[in-house]
Structures are given as C-alpha cells and as structure tokens.
Amino acid sequence: MRSPPLQMKGAIENPVMVSVEKNTKKVFVKTLGCKVNTFDSQAIANQLHQAGYTLTESHLTADVHIINTCSVTATAEKEARYLLRRYRRENPAGLNVVTGCYAQIQSANLEKMREVDFVVPNEAKTLIEPLVKNVIHARETGVELKQKLPEGLKAVADNRQGHFKVSHTLFDTPQVNRARAFLKIQDGCNGFCAYCQIPYARGASTSVAPEQALAEVKKIAAQTAEIVLTGIHLGDYGEDLADKVNFASFVRRIFEETKLPRLRISSLEPSEVSAELLEVLHEHADRFCDHFHLPLQSGCGETLKRMRRVYTTEEYANTLKRIRTFFPYAQISADIIPGFPGESQEAHQRSVDFIKQQQIADLHVFPYSKRPNTAAVKMPEHLSPEIIRTRAAELRGLATELWSNYAQNFYSLELPVLWERSHKGRWVGKTTNYLPVVAPENRTDLATGQITLAKIIGLYGPKQLLANPLH
C-alpha cells in the first residue's frame, strides 16, 4: 500500500527574526545535523512565526528552546545532551523541547533527562506548534503533563521501533528575500545500510507530489536566487507515488516551467546519477550549480559489501566519469566512514588510495559509531576508538589537501558568485561549484541574493577563497 504524498513547503535560509505583537513568547531554534534538518528547522521557525511567536537568535532570551537533533553518530547525540544542559543552566526559565532524529530513536532516554520538558519525535513534527503551545500553557498554569511525549506515542529506547511512515507536513514560507532556500521534496529511506539507523529515525521514503513541489518552487523563486533540493534519499523521489515520476523529470520541469536563476542538488546516491539526469542538467548548465555530493562511505570494495551499500568502487568511479563528461570542472564531494567493523589497515589504505585516484574534491568524515538496532553493532572485529580517531584525522587532513588542489584550478578565473551576506566588513558568497568566497573589504555595491562574476585571487583562509567582484 502506497503512502500518501509528503506535503512540505519551502524554507528560506536564515529566516528573518521578527517580532509579532499578538504573541509575547520568544522561541530559539537550534539545528544539529544535515541539510534536511536545516530545512525542517527553518520550516518549524516559519510555522511558529506565522503563529505569532518572536524568533530570537539567542537561547539566553528565549522562553522556549527547540533543539532539532541528529543521531547519525553518538557524538551528535552527545552534543544535543550538552546543549540541553547548557540551555537549562544559562536560561533556567526557558523550556527545552527536543525534536529530530535523536528524539525519534531515543525518546525514552530523553524523557528521563531533567533538562527536557517535552519530546517531539519526527513522526509528530507536524504538530510542533500546538504542542509547544500546550507545554507553555502547562508551565504557566502549573499543570503537570502526563508524559513528555505527544498523546498516543510510546517512548522508544535504543531504536526499538517499527519503520513508520513519514509525517505529512505543511509549513508556511515567510515573505522575505534571501540568497538561498532549501526545499525538501522527499523524506525517509528504505535502504537499511548496516551502520545506519536513519530509516528508523526518518521513516519510510515518501515524496512531495510534483505539482505541489513545483508550485512551491515557483513561489520561492520569486523571493530567492537559489533553491537547494533536499531529501534523505533524493534519488527515490517519486517511487512511492501512485503516478510514478522520477527525479530527472521533476528537475526538467523546474528548469522549463520556472525562471529560477540557480538550482542546486544537495546529495545523490552514486547509482542515481542517471544519463537522463545529466542530460537535463547539461541542457540547463547556465542555471545548474555544478556540485555533486555522492556518499562513498568506503573506497574498499569488501568494506562496501559489509556496509550493505548497493554499488561497487568500480561503479562509483564510472559515475564520476559520466559526471565529468558533462561537467569537467564540477566539484565532487563525498561522505566517508573510517573505522567500520573489520576494516583492516590495508582496507583503510585502499580507501585512501581510491579517494586520491578519483580526485574527489572534499570529504565529510563521519567516524564509525555504534548505532543501536543496526546490523553493524552485531558484527565482529570492532575497532578501538584510538584507531578510529587516527583514521578520521588522516582523512580530514586529506580532505583539506584535496580541496586546496581542486580550488587552485580556478585561480585567476572569473566565476559567477551568489553573494549571501556581509560578515565583519566583507561580503561572502558561493560559486556554482560550491567554493566559498570572500570579497575585499568595503564593497558596498553588493547585496544579498545578487549574482556577479568574480575573479578568484587566491586562498583567503581554510577552505575559503578571496575573490574580486566584477560589474
């Protein structure tokens, strides 16, 4: 039985923090984790803004702290617990409401924390505004809540739960101008890789109906210069819908039916970069942001098999060849997991060598972490924390080297830059291929959302380039 289409509206990056007279309560939203969480946090902020709350940029002045959590590693969960304790210590009067992936897979443990006032798992995130209202009302009236979870939901410990259907969520978009907006068109995952609990944390794969998603693109395109399509498993887009569509056909409609200046794709699995998609993107290369983020996880074939990934290193390499045929200067970045159970030093070295051979431009390094209720937890030969840390440090050093090598290809060239904001007297922005750039001081002729050519001068700081805007 197919699930109904996900309903999600777009969220403008860094929504304006404004005061609304009809509600005196201030809310602070903190995001941990991926771009999908970024979208969700912005959507939550938009919903609360529409309900009349004041959105504040500091937890110190907030009546409610909403922490949108991540559970991809134990470190991410530890950070969430640290923030909850810090917010309670520094602002004892503020309510702590926890949502996100950690809230979905460990709600029982979060309920037990004194610093937690309420837990909203991902499957109930659509109800966060009325739930926040109820929690505030309980605090003000002295009513003790029966539980720290929405009514009808049972607490989950150590990810012992079923594969729920993604909540169907409708959020409002604020009427503001911004450089970039995220639009989530898909959520959830059916993959069940050996190390990953995201299918449990986000639920089954569900797509936004094409007409609704396209209407949202048109609305956002009138306000912003760039849209980033996001999802947990974007390549699954449309597979769950009664009238099946694929990701490539939806992207084509964006280009053909809107005037959006720039379209960016957040992440795709290697097997999902089809010839059809590349042809569509190449046809509209002047509006496509040529950055491909393709999770690798390991450059060793045997490790990939044990991870239950659905591609080989040869297939990954062939995907990069196809991309570079259409986009020879595209940036290609990847996720990598050092220290997976049973990964020998030889396997680790093969992974490092493969990354170098493929000239991947940047790495997101996620050291292996035991995740409850996953296949990898039960595997033999778990590595020591010291070995995992050493390999992760090596890969992060390699990432810096790879990025520098890639960026040097663009020195003295003129590239289109989308300017985002002024920071400490300098405008910052990004090229289409996701190179962060900084303008010289005192450029008062730039504006948020403006796209200009800029000549790349050289390295400005770690993973940042100095660029001179041209008019």
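The values are calculated or read from the model by the stated rules, or taken from the named source; none is laboratory data. Just so you know, these numbers come straight off a predicted model, no measurement behind them. All Cβ positions, even for glycine, are placed from backbone atoms using ideal geometry, and neighbour counts span all protein chains on display.
Quick check on GLU381: is it part of a helix (DSSP H, G or I) and at pLDDT 95 or above?
no
To keep it simple, each residue is scored yes or no on (1) of a type outside the set (A, V, I, L, M); (2) at pLDDT below 90; (3) touching a helix residue (DSSP H, G or I) at 6+ places or on another chain (Cβ under 7 Å).
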site: VAL16; (1), (2), (3): no, yes, no
site: GLU21; (1), (2), (3): yes, yes, no
site: LYS26; (1), (2), (3): yes, no, yes
site: THR31; (1), (2), (3): yes, no, yes
site: PHE39; (1), (2), (3): yes, yes, no
site: LEU48; (1), (2), (3): no, no, yes
site: ALA51; (1), (2), (3): no, no, yes
Residues of region 339-366 being in a loop (DSSP other than H, G, I, E, B), touching a Leu at 6+ places or on another chain (Cβ under 9 Å) and either of a type in the set (Ser, Thr, Tyr) or more than 25 Å from ALA407 (Cα to Cα) (or both), in sequence order, are GLY339, PHE340, PRO341, GLY342, GLU343
Of (1) at pLDDT below 90; (2) basic (Lys, Arg); (3) more than 26 Å from VAL120 (Cα to Cα); (4) surrounded by fewer than 16 Cβ atoms within 10 Å (Cβ to Cβ), ARG178 satisfies every one except (4)
Going through region 145-175 in order, the residues found to be within 22 Å of LEU131 (Cα to Cα) and modelled with pLDDT under 50 are SER167, HIS168, THR169, LEU170, PHE171, ASP172, PRO174
If we ask which residues in region 394-437 are surrounded by fewer than 18 Cβ atoms within 10 Å (Cβ to Cβ), in a helix (DSSP H, G or I) and small (Gly, Ala, Ser), their number turns out to be 2
Matching residues in region 114-139 (among the acidic types (Asp, Glu) and either in the same structural domain as THR374 (by TED's automatic domain parsing) or closer than 21 Å to ARG85 by Cβ (or both)) number 2
Condition check: under 17 Å from CYS193 (Cβ atoms), free of Cβ contacts under 8 Å to residues at least 12 places away in the same chain and surrounded by fewer than 18 Cβ atoms within 10 Å (Cβ to Cβ). Does LYS305 satisfy that?
yes
Within region 241-285, restricting to residues that are of a type in the set (Phe, Trp, Tyr) and under 22 Å from the mean Cα position of the chain (by Cα), the one that is surrounded by the most Cβ atoms within 10 Å (Cβ to Cβ) is PHE247
(1) modelled with pLDDT under 95; (2) not in a helix (DSSP H, G or I) all hold for ILE332 apart from (1)
Quick check on region 48-68. Is at least one of its residues buried (at least 21 other Cβ atoms within 10 Å of the Cβ) and in contact with a Cys (Cβ under 8 Å, 6 or more places away or on another chain)?
no
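Do we find a residue being in the same structural domain as GLN359 (by TED's automatic domain parsing), touching a Leu at 6+ places or on another chain (Cβ under 7 Å), of a type outside the set (S, T, N, Q) and not in a strand (DSSP E or B) anywhere in region 386-393? First the steps, then the outcome.
Initial filter on region 386-393 (in the same structural domain as GLN359 (by TED's automatic domain parsing)): 386-393.
Checking which are touching a Leu at 6+ places or on another chain (Cβ under 7 Å) leaves us with none.
No, because not a single residue in region 386-393 is in the same structural domain as GLN359 (by TED's automatic domain parsing), touching a Leu at 6+ places or on another chain (Cβ under 7 Å), of a type outside the set (S, T, N, Q) and not in a strand (DSSP E or B).
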